[in-house]
Amino acid sequence: MPTISVVIPSRNDAPLLADCLAALQRQTRPPDEVVVVDNGSTDDTAAVCAAAGVRRLFLSVPGIAGATAAGFDAASGDLLARLDADSVPPPDWVERVERILVAQGPMTAVTGPGDFYGGNRLTRWIGENIYIAGYIHVVGAFLGHPPLFGSNFGMSASMWTQLRPLVHRDLHQVHDDLDLSYQIRPWMSVLYDPTLRVGVSARPFDNWSGLKRRLVMAWQTFDLDFRGESPRARRRARLQARRIAPPDQPAEA
């Protein structure tokens, strides 16, 4: 049985983090390790981690991309699962992530959507039907494979080893999941499972400024990635890899 580490970047989200860690303690398959990357928090994050008995990695430089990368680098598991501090995974989440990754092989990541909680009915509807659905389908069509959703995904440590030199961890205005999705190599794939769901806070949609900030970060992330590898070159490499993939290797999910 492989070992599995759950990585959670967090910055001043102590109450939500406590709920996330409590949900991880109720898992049918407990994670072998939980790594909380405390991204310069000034609240009770340290006390929450201590009370839950999880590993806390302090990173003073702000930025979700750097925090996620640092957590993956520090994790000891054969499999790496990723949640946000406001994610609330169901009891079988770790078990299902492990089962899917083992079945798919070391070069396939898995991701799923979120069910929004909090806010109001309109903000939850926007989050599920426009924000996540748009991200998965529109960005997925552009990438040629499903994008990773930062609140809910997993991959093997060996897959991360190949991707870690490529991600832009030193820029704080980068979406880590979008950047990581763009770095997926032609011989790798992403499986989107709509039944692999976690609870996610609807707070990004409480006001226009929060949503605007995320859209600006998405544009900045794409602009950065495009300059490193053009979309045309990226898709051409994936099409070529699909044509030459051996019969026992899934060319693309």
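Extension gain for R227-Q25 works out to 68.5 nm (0.36 nm per residue, less the C-alpha to C-alpha distance). Averaging the sequence gap over all C-alpha pairs within less than 8 Å and six or more residues apart, then dividing by the number of residues, gives the chain a relative contact order of 22 percent.
Contact order for the range 113-253, expressed relative to its length and based on alpha carbon pairs under 8 Å spaced 6+ residues apart, stands at 35 percent. Full extension of the chain between A103 and R243 yields a length gain of 48.1 nm, computed as 0.36 nm times the residue separation minus the alpha carbon distance. Each 5 Å bin from zero up to the one holding the largest Cα-Cα distance in the chain carries the following percent of pairs: 1, 6, 13, 18, 21, 18, 13, 6, 2, 1, 0.
Using just the C-alpha positions of the range 103-208 as equal point scatterers, what log10 of I(q)/I(0) does the Debye formula give at each q in 0.19, 0.22 1/Å? Rounded to two decimals, the profile gives -0.99, -1.22. Hull volume per residue, based on the alpha-carbon atoms of the range 1-146 and their convex hull, is 123 Å³.
What translational D, rounded to a whole number of µm²/s, comes out for the range 1-71 from Stokes-Einstein when the hydrodynamic radius is the Kirkwood one over Cα pairs, at 4 °C and 1.567 mPa s? D, rounded to a whole number, is 106 µm²/s.
Helical content of the chain, expressed as a calculated mean residue ellipticity at 222 nm, amounts to -12000 deg cm²/dmol (DSSP H runs of 4 or more residues, -39,500 (n - 2.57) each, divided by residue number, nearest 500). Since only F222, P147, V102 are under comparison, the one whose Cα sits farthest along the positive direction of the charge dipole of the range 91-246, derived from C-beta charges on Lys, Arg, Asp and Glu, is F222.
Between T195 and A74, residue separation times 0.36 nm minus the direct Cα-Cα distance comes to 40.7 nm.
In this simple spin-label approximation, H137 and R121 carry label points 7 Å from Cα along the Cα→Cβ vector, and these lie 2.2 nm apart. For the chain, the antiparallel share of DSSP beta bridges with both residues in that region comes to about 25%. Computed across the range 120-168, the Kirkwood hydrodynamic radius from all distinct Cα-Cα pairs reaches 12.7 Å.
A short reminder: the numbers here are calculations on the coordinates, not readings from a lab. Owing to the predicted nature of the structure, the values given are computational and were not obtained by experimental measurement. Positions of Cβ are generated from backbone atoms using ideal geometry, with glycine treated the same way; all protein chains shown enter the neighbour counts.
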